[in-house]
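What follows is a set of notes on a single structure, which appears directly below.
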Amino acid sequence: MIYVNDLSKEFKKAIKEPGLKGSVKALFKPNYEIIKAVDGISFHVPKGEMLGFIGPNGAGKSTVIKMLTGILTPTSGTCEINGHIPQENRQKYVKEIGVVFGQRTQLWWDLALRETYSVLKEIYDVPDKEFKERMAFLNEVLELDDFISSPVRTLSLGQRMRADIAASLLHNPKVLFLDEPTIGLDVVVKENIRNAIQKINAEEGTTVILTTHDLADIELLCNRIVMIDKGKKVFDGQINDLKREFGQMRDLKFELMNTCDISKLNYKEDLKLSDDDMKLESEKAIVSVRFDSDKVSVEDMLSYTLSKVHVKDINLKDADIEEIIRRLYKREVSIDEV
Amino acid sequence: MKFKKFIRTYRPFTRAGMLESVAYRANFFCFLIGEIMSCFIMFFVWKAVFQSSNGETFMGFTMEDMVVYLFITFLTGYLTYSDGTYAIATEIRDGSIAMRMIKPCSFDMCFLFQELGNKIINVLFIFAPLVIGVEAYRWVITGACQFNISYFLLYVVSLIMAYLISFYFNVSYGFMAFYLKNLWGADILKECIINFLSGATIPLAFMPTALANVLSFLPFSSLSYTPVMIYMGMYSGEEIAFKMLMQVFWLMVMVLLSKAVWNHAVKRLCSQGG
Amino acid sequence: MRRMLRLHRIFVAQYMKNLMEYKVDFLTGAISFLLGQVIQIAFLGIIFSQIPDLVGWEFNEILFIYGFSLIPKGMDHLLFDNLWSVGYFIVRKGDFDKYLTRPINSLFYVIAEKFCVDAFGELLIGLILIVYSTVQLKLTITWYMIPLFIVAVVFATLIYTSIKIATSAIAFWTKASGHITHMFYMTNDFSKYPTTIYNKFVRTFITYIVPFAFTAFYPASFFLTGENPLFCIGGTVLASVVLFTISVCIWNKGIKAYESAGS
């Protein structure tokens, strides 16, 4: 359905030197820096899948989505959706996709919501009968009736998002791209939107690609996630795989009674652990140990620690998905910065 | 002491205004070229008019006078232009005007000083080139330097007053956004009327005497016609004194008007909410 | 083509509904445009009260040229005004995304989205001036003048539009180009007067480089004198076709370079 192969996008960014001299120089001979926003990403999405796209701010998620939707032209690499190359036969291609950018609306701002749909009907050439059925279906899933006659500018953020999603589904697209569909919404509305997306995916087999910062979106909606950071793919797989892969890592955190005691702790030698299995960080009396619970049991770890030193406070943290992702982000960032 | 504090409070605004206009200088130059183009069109039109007319003068203006009038009017219009209407209308529309009431500086001063920074850059880039260009032209055509330093200095004073009148007028006008949904049309109307009433499109001297007399007492002639006529040395000493007093008078009226409108707006905001 | 026309009609209808939300605003705008033109014409009147003719053109002929210049300008303003927004903010804010995710030509979509009714002010004044000066000059109207007039207006409009397309498309590379459009657009005022009043440089510039002279003076002078039809009308057609081709190429290249905005 969707094949992405070694996709890259570079942006040129003007570098300005400070001061008036720099400004004048930039006017006549601008300096550019090449920024690799997306760097050799490949993946494949089968029909009907819901794929979550995650990564920290500026990781390149939106750039990928914009290339897949035909808005941006890739610097190199290819993407193929439904047999179309987005940039090549753009007008034909976009008839088969729906796009929602959470931060901007595609609705006619000053007109009643209904008007937007009647214009989109024409743009996408939806026949009258189909249009009626579609509206009935979307209305049932997204509950548009309450506000379909109000001008768009008077809608609440949640209503607007529902209206936007409906607008992108009017022409029954095969693929739906959602860029941050729950941004800025309250818990109840988020829940609503998620249910709607799930229902559409289940009933129509629409392939959904969504980017989000809200991990609950991912856990509840997506069977699979692709994580990118600094333009590179860092993980691709089931959420459970992610948990399995990173989940056995635990964090043990404690505060020493006596700061000097830290020299008494020799995990690696005493418990025979390699550098990959554990990592110790300390700041004054606070010590945190990250260890692989497959290699050394939690019980052994605790009893060893408590036998060597006196602690004021101790706490053991299991890695939830948010923690895993935070760790992944951190790891990527620190690798790059060293 | 109070003055120092005043300067310290508002200096950052001026700086911001300067940086802003430096950042957009490419736009600024393109825009300027576009605007100056219309001066050149009129220059050619006037040249043709003088070629086609019999005498040396046209309704009391010589060709050099016309050129000076054209370019100095352009310069004056450019420097006295104020964005106040747009700024206020935007703040009213997005509701940020309410934030102004909880800040420890006055709205008009913040905005004035910011625009001032912008004006300083404009003066640096276009004031000197235009004045020098106009004077060089006059020198070449008449064979003698026509530049008069006292007229020039009086022009600068008159220009500053013209700018302040324009600023306060625009601020007052911007408050119309409370009553109109969109200020686009009203803004075009304002530009159009001001250009006519101030003598920028048609010199007042070309208009029927009765109309010209009425217009010269309205605030609009203070915006452009007065400083330009002073620059050109068209007024006697007595006339200059009188016209500048008129400017002072209209400036005071505009300041009071803007205060009144602001107070009204505050009341409205307090009673109805943003 | 049929579908485009139908879509255009629908867009116009939507736009009109939108406009009705801002009735007062629109009316003041239209009246202001009208007023501005009236003042300009009064100015011409004042000048001509003192001189018999302007480099060989009498008042009514100048009025005809002036009136003619308003028709293509008004047509462009009426139909293609949204191009300004492309250069000023649509590209910079990343709002161009919307046009690329729709199954219609992006240039057409941008253009069709807005219908600038206040242009009727210009068109009205232009027509009044043309009719008035034609009557005053007692011009003889032959049958082929009418189709030629329509051809001239259509292609003259296209000159305006092409210049706007090309300069707005610069924004795809530079993010904003409204000021560049403005700079070129302002040269159109040169075409309101006979090109003979300008020096050689200006004349060459507005004939061969930014051919605004073909939007008013050249075609208008043909209708006034009946001379040089090949240059005056043929030139208009040629200039506009060449410009339009170039500008569409620039636009299509620009879309490939479009970088959107933010994340």
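Taking 0.36 nm per residue of sequence separation and removing the Cα-Cα distance, the B:Ile132/B:Glu191 pair yields an extension gain of 18.4 nm. Helix hunt in chain B: which complete DSSP H runs extend at least 24 Å axially by C-alpha with mean Kyte-Doolittle at least -1.0? Going by DSSP H runs, the hits are B:2-23, B:25-52, B:63-80, B:149-174, B:237-272.
Working from the alpha-carbon coordinates of region B:210-258, get Rg over Rh, Rh being the Kirkwood radius.
On the way: Rg = 11.1 Å, Rh = 11.2 Å.
Here the Rg-to-Rh quotient is 0.99.
Between B:Ala205 and B:Ile141, the FRET efficiency estimated from the beta carbon spacing at R0 = 22 angstrom works out to 0.60. Using the Cβ-Cβ distance between A:Gln238 and A:Asn139 with R0 set to 35 Å, the FRET efficiency works out to roughly 0.55. The angle separating the long axis of helix A:321-337 from the principal Cα axis of greatest extent in chain A is about 80 degrees. Comparing Cα centroids, region B:209-257 and region A:76-91 end up 66 angstrom apart. Between B:Ile120 and B:Leu153, how high is the FRET efficiency from 1/(1 + (r/R0)^6) when r is the Cβ-Cβ distance and R₀ = 22 Å? Nearest 0.05. For R0 = 22 Å, the calculated efficiency reads 0.75. Out of A:Asp164, A:Asp313, A:Asp186, any idea which swings most in a Gaussian network model of chain A, alpha carbons joined below 10 Å? Its mean-square fluctuation being the largest, the pick is A:Asp313.
Within the protein assembly as shown, the proportion of Cα pairs with more than 49 Å between them is 36 percent.
Please determine, in degrees from 0 to 90 and to the nearest 10, the orientation of helix C:23-48 with respect to the longest principal axis defined by the Cα atoms of chain C, where the helix direction is its Cα long axis. The helix C:23-48 is inclined about 30 degrees to chain C. Per-residue mean of foreign Cβ neighbours for B:227-234 is 0 (Cβ atoms of other chains, 10 Å radius). Between 0 and 90 degrees, rounded to the nearest ten: what's the tilt of helix A:128-142 against the longest Cα principal axis of chain A? Relative to chain A, helix A:128-142 is tipped by roughly 30 degrees. Bridging of A:Lys279 to lysines at a Cα separation below 24 Å is possible for A:Lys243, A:Lys253, A:Lys264, A:Lys268, A:Lys295, A:Lys308, A:Lys312, A:Lys317, A:Lys330, once same-chain residues fewer than 8 apart are set aside.
How much of the calculated P(r) for chain A lies past 31 Å, in percent of all Cα pairs?
I get 48 percent for the Cα pairs in chain A exceeding 31 Å.
Total lysine pairs in region B:2-272 at Cα distances under 27 Å, for residues eight or more apart or on different chains: 24.
In the distance distribution for region C:2-257, Cα-Cα pairs more than 34 Å apart total 20 percent.
Annotation for B:Phe249 and A:Lys253: the two label points, set 7 Å from Cα along the Cα-Cβ direction, are 7.5 nm apart. For chain B, the Cα gyration tensor yields ellipsoid semi-axes of 36, 21, 18 Å (square root of five times each eigenvalue, largest first, whole Å). Comparing Cα centroids, region C:169-246 and region C:1-74 end up 18 angstrom apart. Across region A:36-45, computed HN-Hα scalar couplings (Karplus, 6.51 cos²θ - 1.76 cosθ + 1.60, θ = phi - 60°) run 8, 6, 10, 10, x, 9, 10, 6, 9, 10 Hz from first to last residue, x flagging Gly and Pro.
Every number here is computed from the coordinates shown, using simple stated rules; none is lab data. On a predicted model such as this, the values are computed, not experimentally measured, just so you know. For neighbour counting, all protein chains shown are included, and Cβ atoms are generated from backbone atoms with ideal geometry for every residue, glycine included.
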